[in-house]
Amino acid sequence: MKTFDVEQFNKNKINNRYTYISKDSTKVEQSTWQFGYEETITKQNDFFQVYNKYYKDGTLKVTGEFFPDDFLKGIWKEYDEQGNLVKETDYDAPYKFTWEDILKLIKERKLDMDAYGFLITRGTSDNGTA
């Protein structure tokens, strides 16, 4: 199971934040929260970021992927302080189309995702269908 390197964080933090770039150009942003630590991992050329939240001892509390400033993706996992999986939430479950389906459509239609006003979002209708 992934753990948070508390010693490394404390050695490098500035104003309770530490950001670094790993050898494979992955950006890791770490900070504190009320009951421990959190980090956001951004891989180069990936649309999604990984979010991890940790207890004060560095044990993983929550992990999952998200589309920045918009929606959660896939299965998010929550753990207790002993590292036992206590909950899984599938944020893709209510939708008819996967992210991979949408990305394929974007590529087929040669849409420019960097164009002004381009937006990808998720939602459900009042009756709970996507």
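When region 69-94 is filtered for residues that are hydroxyl-bearing (S, T, Y) and part of a strand (DSSP E or B), the ones remaining, listed by number, are Y79, T89. The set of residues in region 18-72 that are over 22 Å from E7 (Cβ atoms) and among the polar types (S, T, N, Q) comprises S25, T42, Q44, N45, Q49. Could you identify the single residue in F66, F9 that is at pLDDT below 95, surrounded by 14 or more Cβ atoms within 10 Å (Cβ to Cβ), aromatic (F, W, Y) and not in a loop (DSSP other than H, G, I, E, B)? Just one listed residue meets the conditions, F66. Taking each residue of region 1-28 that is within 13 Å of T40 (Cβ to Cβ) and looking for partners that are of a type in the set (D, E) with beta-carbon atoms closer than 7 Å, six or more apart or interchain, yields T19/E29; V28/E39.
Return yes or no: is D112 part of a loop (DSSP other than H, G, I, E, B), of a type outside the set (A, V, I, L, M, F, W, C) and surrounded by 15 or more Cβ atoms within 10 Å (Cβ to Cβ)?
It is false that D112 is part of a loop (DSSP other than H, G, I, E, B), of a type outside the set (A, V, I, L, M, F, W, C) and surrounded by 15 or more Cβ atoms within 10 Å (Cβ to Cβ).
Scanning region 15-55 for residues that are under 23 Å from Y91 (Cβ atoms), hydroxyl-bearing (S, T, Y) and part of a loop (DSSP other than H, G, I, E, B) yields one hit, T26.
F97 meets the conditions (1) without any contact (Cβ under 8 Å) to a residue 40 or more places away in the chain; (2) closer than 29 Å to N12 by Cβ in every case but one. The failed one is (2).
In region 75-108, the qualifying residues are those that are under 14 Å from the mean Cα position of the chain (by Cα) and of a type in the set (V, I, T), and the one that is least open to solvent (accessible area, probe 1.4 Å) is T89. Candidates in region 84-104 are the residues that are of a type outside the set (D, E) and either modelled with pLDDT of 95 or more or touching a Pro at 6+ places or on another chain (Cβ under 6 Å) (or both); of these, the one that is farthest from L119 (Cα to Cα) is N84. Being in contact with a strand residue (DSSP E or B) (Cβ under 7 Å, 6 or more places away or on another chain), modelled with pLDDT under 95, open to solvent by 70 Å² or more (accessible area, probe 1.4 Å) and not β-branched (V, I, T) is a property that F47 has.
The values are calculated or read from the model by the stated rules, or taken from the named source; none is laboratory data. These figures come from a predicted structure and were not determined experimentally. Using ideal geometry, Cβ is built from the backbone for each residue, glycine included, and neighbour counts are taken over all protein chains shown. Just so you know, the surface numbers come from the protein's heavy atoms only, side chains and all, with ligands and any DNA or RNA stripped out. Shrake-Rupley method; radii C 1.70, N 1.55, O 1.52, S 1.80 Å.
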